[in-house]
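**Student:** If you scroll down you'll find the structure; I have some questions about it.
What follows draws every value from the coordinates through simple rules; no lab data is involved. Since this is a predicted model, take the numbers as computed values, not measurements. Ideal geometry is used to build each Cβ from the backbone, glycine not excepted, and the neighbour counts take in all protein chains shown.
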Ligand SMILES: C[S@@+](CC[C@H](N)C(=O)[O-])C[C@H]1O[C@@H](n2cnc3c(N)ncnc32)[C@H](O)[C@@H]1O
């Protein structure tokens with residue numbers, strides 16, 4: 001599999017926090033992350049893709065949501081470089097299958113830096129809370145965006161759900177307080193890894209606004225089709241088409 005190029009020990013972080021990741025997410029978003037992934041899956045499936053890639057799948061929640069909404073005729077691949085996160089995803093998959101559901105998701109381990117898929121293989125790509133990892137203070141940012149574009153077919157849609165820097169000054173102030181004073185400490189306490197949550201809080205705080213993210217995607221060869229600010233602008237949902 002490809003060279004792992006992140007500048008930060010991101011992989012170690014996710015490997016450390018894998019068992020508490022879902023729980024901490026629910027706490028920090030007041031449970032809204034579940035609803036946002038549902039929305040992202042609806043956007044992702046709107047052009048009726050047959051092959052969907054859930055990039056930076058983590059514990060697989062977005063892939064499972066796509067599977068739930070799409071039924072079994074869609075081929076879904078969950079891709080991530082952390083064995084531990086993927087292990088959680090596979091445990092969830094077995095659990096869902098024991099509940100009598102066929103879950104057409106294949107999980108593959110690897111780095112976005114170099115993906116083992118043919119050019120234009122996927123009709124749609126979704127990435128939920130993962131793009132920040134690929135582009136924030138990451139010297140391989142350009143390469144990651146190029147790889148995403150390469151494996152998505154022309155006209156295929158990239159759906160991005162991600163933290164965002166709110167445009168309202170007041171809300172930005174409260175968002176910054178939350179990310180500075182609450183998330184790193186509470187996340188650290190709940191997961192046992194303060195360093196990981198310090199990184200996650202800092203990268204969220206310094207991350208793009210919806211407008212900046214749109215510009216970044218346009219520059220990387222996508223056309224923004226639709227976008228929405230969620231949670232008073234601290235989360236964004238974007239649908240961008242590969243040019
Ligand atoms: C914040 S989690 C998001 C997980 C999931 N998509 C969600 O909605 O909760 C980010 C994931 O990206 C993965 N990741 C970060 N950089 C990566 C890279 N270069 N290649 C593959 N996976 C990566 C991490 O292992 C982690 O599981």
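**Student:** In which sequence would 54, 119, 16, 61 go, from the one with the fewest C-beta neighbours within 10 Å to the one with the most?
**Tutor:** 119, 16, 61, 54
**Student:** Based on other C-beta atoms within 10 Å, arrange 56, 44 from fewest to most.
**Tutor:** Listed from fewest to most nearby Cβ atoms, that is 56, 44.
**Student:** Put a dot 7 Å past each Cα toward the Cβ at residue 139 and residue 180; how far apart are the dots in nm?
**Tutor:** Computed distance between label sites residue 180 and residue 139 equals 3.0 nm.
**Student:** Cα centroids of the stretch 197-234 and the stretch 10-89: how far apart, whole angstrom?
**Tutor:** 18 Å
**Student:** Which whole-percent values make up P(r) of the stretch 132-198 when all C-alpha to C-alpha distances are grouped in 5 Å steps starting at zero?
**Tutor:** Pair shares across the bins are 3, 14, 13, 16, 18, 14, 12, 8, 2.
**Student:** Still on this structure: What is the ratio of the Cα radius of gyration of the stretch 50-115 to 2.2 N^0.38 Å, with N the residue count, to two decimals?
**Tutor:** 1.03
**Student:** Taking the convex hull of the Cα atoms, report for the stretch 195-243 its projected area averaged over all directions, in nm².
**Tutor:** Projected area, direction-averaged: 3.9 nm².
**Student:** Would you work out if the chain is rounded, prolate or oblate? Take a ≥ b ≥ c from the square roots of the eigenvalues of the alpha-carbon gyration tensor; rounded if a/c is under 1.5, else prolate when a/b is larger than b/c, oblate otherwise.
**Tutor:** rounded
**Student:** Sorting 59, 106 on the 10 Å Cβ count, fewest up front, what's the list? Write out the running numbers ahead of the final one.
**Tutor:** Values: 59 25, 106 12.
Fewest-to-most Cβ neighbours within 10 Å comes out as 106, 59.
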